[in-house]
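What follows is a set of notes on a single structure, which appears directly below.
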Amino acid sequence: MAAVFGEPLGFRKHLMEKEKQHTRAGDTLAAEVRALPWVKVEKNYTFTSPEGDLVLADLFRQHNQLFIKHVMMEPEQKWQCEGCSLALDHVDGLLPHFEHHDMSYVAVARAPIEQIEIVRKRMEWRFCWVSSYKSDFNYDFHVSFRPEEVKAGKTIYNFREKKIGPQTYTLSGHSVFYKNAKGEIFHTYGAFGRGDEQFMGIFRFFDVLPKGREEYGPHHSLPDWAKVHNHYENDGKHENACGYLSH
């Protein structure tokens with residue numbers, strides 16, 4: 001530790017100034033995000049929950065702000081998306097904080113609700129997760145794509161044209177909505193691709209580790225290391241839990 005007060009201290013102080021600049025730039029960028037033009041949602045959408053059908057306004061509950069996680073799960077999909085699962089693992093502990101920040105959090109997938117509930121219960125997630133199978137919601141917000149669109153190469157994802165399929169016709173993302181006093185709903189923000197990382201704090205932990213994210217496999221991205229949390233070799237048991245220290 002003594003070396004910290006020697007030459008390395010100068011490097012650290014220089015880097016800290018760059019970190020502060022990055023933080024301040026992030027604050028400015030966040031303000032620009034909040035200033036984006038809002039787009040009024042004119043269309044009615046139906047969602048299915050375990051208790052029955054809902055409309056978009058219902059997903060707000062008593063709040064004015066709605067944060068939706070678009071989950072990569074299609075009807076009859078046999079695999080579970082590691083990236084979406086990692087994002088959803090962040091949520092349960094934050095639900096009380098969301099609740100007191102005028103924010104409703106809802107995950108949405110195009111898979112039927114019966115298929116969704118099997119996964120949600122297996123993963124022991126408590127947040128609300130609904131199906132958009134009965135509406136065009138996924139298609140209109142460019143996270144699902146009809147086969148004829150894929151065949152024609154006319155698919156838009158992350159605000160630009162992108163070739164999709166054939167392994168999946170659904171991708172992931174996040175969308176933010178606001179409901180005003182008159183009940184009008186507006187789409188205020190969307191983030192897709194690596195834009196999703198801002199909502200996953202695990203990357204901030206990994207990025208300061210000496211070994212970093214360890215994305216050294218064929219993808220050079222999240223699939224190189226992330227697994228569904230009960231698919232790791234220790235079968236989801238947590239050696240980082242406090243009881244481990246007493247052994």
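A few comments on the model shown:
- Take every DSSP beta bridge whose two residues both sit in the stretch 101-247; close to 70 percent of them are antiparallel.
- Too-long pairs where the Cα-Cα distance tops 31 Å, listed order kept, from Lys40/Lys121; Lys134/Lys179; Lys20/Lys43; Lys78/Lys134: Lys40/Lys121; Lys20/Lys43
- Taking a point 7 Å from the Cα of Asn44 along the Cα-to-Cβ direction, the residues of the stretch 103-140 with backbone N closer than 14 Å to it are 135-136.
- Largest accessible area first, the residues Glu114, Glu184, Glu124 order themselves as Glu124, Glu114, Glu184 under a 1.4 Å probe with ligands, DNA and RNA left out.
- Full-extension gain in nm, Glu233 to Lys154, via 0.36 nm per residue minus C-alpha separation: 24.4 nm
- Sorting Leu171, Leu9, Leu15 on solvent-accessible area from highest to lowest, probe radius 1.4 Å, gives Leu15, Leu9, Leu171.
- Proximal aspartates and glutamates relative to Lys151, as straight alpha-carbon distance under 20 Å, when same-chain residues fewer than 8 apart are discounted: Glu74, Asp136, Asp140, Glu161
- The trypsin sites (Lys or Arg not before Pro) of the stretch 43-98 that DSSP puts in a loop, and whose beta carbon has at most 15 other beta carbons within 10 Å, are Lys43, Arg61, Lys78.
- Percentage relative contact order, the chain, counting C-alpha pairs under 8 Å, at least six apart: 21
- DSSP bridge pairs, the chain: antiparallel proportion in percent, nearest 5: 70
- Top of Phe145, Phe137, Phe199 by mean-square fluctuation, Gaussian network on the chain, Cα under 10 Å: Phe199
- Rounded, prolate or oblate (a/c below 1.5 giving rounded, otherwise prolate when a/b exceeds b/c) for the chain by Cα gyration tensor: prolate
- Centroid-to-centroid separation of the stretch 201-226 and the stretch 118-150 [C-alpha atoms, Å]: 27
- GNM remark for the chain: springs join alpha carbons under 10 Å apart, and the peak mean-square fluctuation among Pro166, Pro75, Pro147 falls on Pro166.
- Electrostatic bookkeeping for Lys20 treats Lys and Arg as +1 and Asp and Glu as -1; over the other residues with beta carbon under 14 Å from its beta carbon, the sum is +1.
- Accessible area of the chain belonging to carbon and sulfur atoms, whole % at 1.4 Å probe: 57
- Model label sites at Lys121 and Asp89, defined 7 Å from Cα along the beta-carbon direction, differ in position by 2.3 nm.
- Stretch gain in nm, segment Leu209-Arg24, where the contour uses 0.36 nm per residue and the Cα spacing is subtracted: 64.3 nm
- For the stretch 19-92, the equivalent ellipsoid derived from the alpha-carbon gyration tensor has semi-axes of 29, 21, 12 Å in decreasing order.
- Between Gln80 and Lys13, the C-beta separation translates, for a Förster distance of 45 Å, into a calculated FRET efficiency of about 0.50.
- Estimated 222 nm signal from helices in the chain, with DSSP H stretches of n ≥ 4 weighted -39500 (n - 2.57), rounded to 500: -8000 deg cm²/dmol
- Bridge type composition, the stretch 1-128 - antiparallel percent by DSSP, nearest 5: 35
- Cβ charges +1 (Lys, Arg) and -1 (Asp, Glu), total dipole of the stretch 107-247, debye: 320
- Asp53 paired with Asp136, simple spin-label distance in nm, labels 7 Å along Cα-to-beta-carbon: 1.7
- Expressed in units of 2.2 N^0.38 Å, where N is the residue count, the Cα radius of gyration of the stretch 102-247 is 1.27.
- Comparing mean-square fluctuations of Val91, Val150, Val130 from a GNM of the chain with C-alpha springs under 10 Å, the top value falls on Val150.
The values are calculated or read from the model by the stated rules, or taken from the named source; none is laboratory data. Please read these numbers as outputs of a predicted model, since none were measured by experiment. Here Cβ is always computed from backbone atoms with ideal geometry, including for glycine, and neighbour counts include all displayed protein chains. Just so you know, the surface numbers come from the protein's heavy atoms only, side chains and all, with ligands and any DNA or RNA stripped out. Shrake-Rupley method; radii C 1.70, N 1.55, O 1.52, S 1.80 Å.
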